[in-house]
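Heads up, the thing below is written out as structure tokens.
Since every read-out is calculated from the coordinates, none of them should be taken as a lab result. Everything numeric in this text was worked out from a predicted model, so none of it was measured. All Cβ positions, even for glycine, are placed from backbone atoms using ideal geometry, and neighbour counts span all protein chains on display.
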Amino acid sequence: MYNYQKSAEAVLIQRAKRGDIKAFSELYSRIYVELYRFALYTLKHPQEAEDAVSDTVMAAYEKISGLKKEESFRSWIFTILSNHCKSQFQKRRQADELDEDYPAEESDYSVSQDVKRAFWNLDEEERLIVSFSVFGGYQSDEIGQMLKMNPTTVRSRKKRALEKMRVVLQGVEV
């Protein structure tokens, strides 16, 4: 059944690349929950997550004709989403720095910001692996397929990325 779903998705991607809006809508409906979950875990604000997913879908629709490999669709769209989330996070951080009235000692907010900073200190590949695994719930073999990596490589890079985050977070007083 998995191969059937994969081949059906590949057909939809090919049709979407030719400008078929119904095919793109079907792709969107298949991946929306995963995209939203990823954005919500990353941004922690439902409205910002919805905005990031909407921006991602618009950008993906505009650029899908340039997608070189159909099997890379999921990693491609998650990369777009990751970049949008990073942009949103940076805008929010700048706004927080300018807002002097915002309470600086809110523990939950502070911890959340520390985790996000540790996450964004990872390089792009590490962020994708951690995001797919932790936020998206994907297994190493699935991540490997999306990123064209050996599952063992995915596991070792995930472990290394989580260790980097742990080291950063240990240096932060919580």
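For the peptides 57-68, 81-92, the ranking by packing is 81-92, 57-68, with the highest mean count of neighbouring Cβ atoms within 10 Å listed first. Ranked by the mean number of other Cβ atoms within 10 Å of their residues, highest first, the peptides 127-139, 23-35 fall in the order 127-139, 23-35. Label-to-label distance, D20 versus Q47, with points set 7 angstrom from Cα along the beta-carbon direction: 3.8 nm.
Calculated on the alpha-carbon coordinates, the convex hull of region 1-87 measures out at 86 cubic angstrom per residue.
Per-residue Cβ neighbour counts within 10 Å put T42, T152 in the sequence T152, T42, beginning with the fewest. A crude spin-label estimate for the pair W120 and Y36, with each label 7 Å from Cα along the Cβ direction, gives 2.5 nm. For W120, W76, the sequence from fewest to most other C-beta atoms within 10 Å is W120, W76. In this rough spin-label picture, where each label sits 7 Å from Cα along the Cβ direction, the E142-R166 distance is 2.4 nm. Legend: distances between Cα atoms for K63/K116; K17/K44; K116/K159; K86/K164; K22/K158; pairs beyond 26 Å are K63/K116; K17/K44; K22/K158. Shown for I143, I13: other C-beta atoms within 10 Å of each C-beta, ranked fewest to most, produce the order I13, I143.
So if I average 1/r over every pair of distinct C-alpha atoms in region 105-174 and take the inverse, what Kirkwood radius in Å does that give? With all distinct Cα pairs of region 105-174 included, I get 12.6 Å.
Take the Cα of K91, go 7 Å toward its beta carbon, and the backbone nitrogen atoms of region 47-79 under 13 Å from that spot belong to 47-56.
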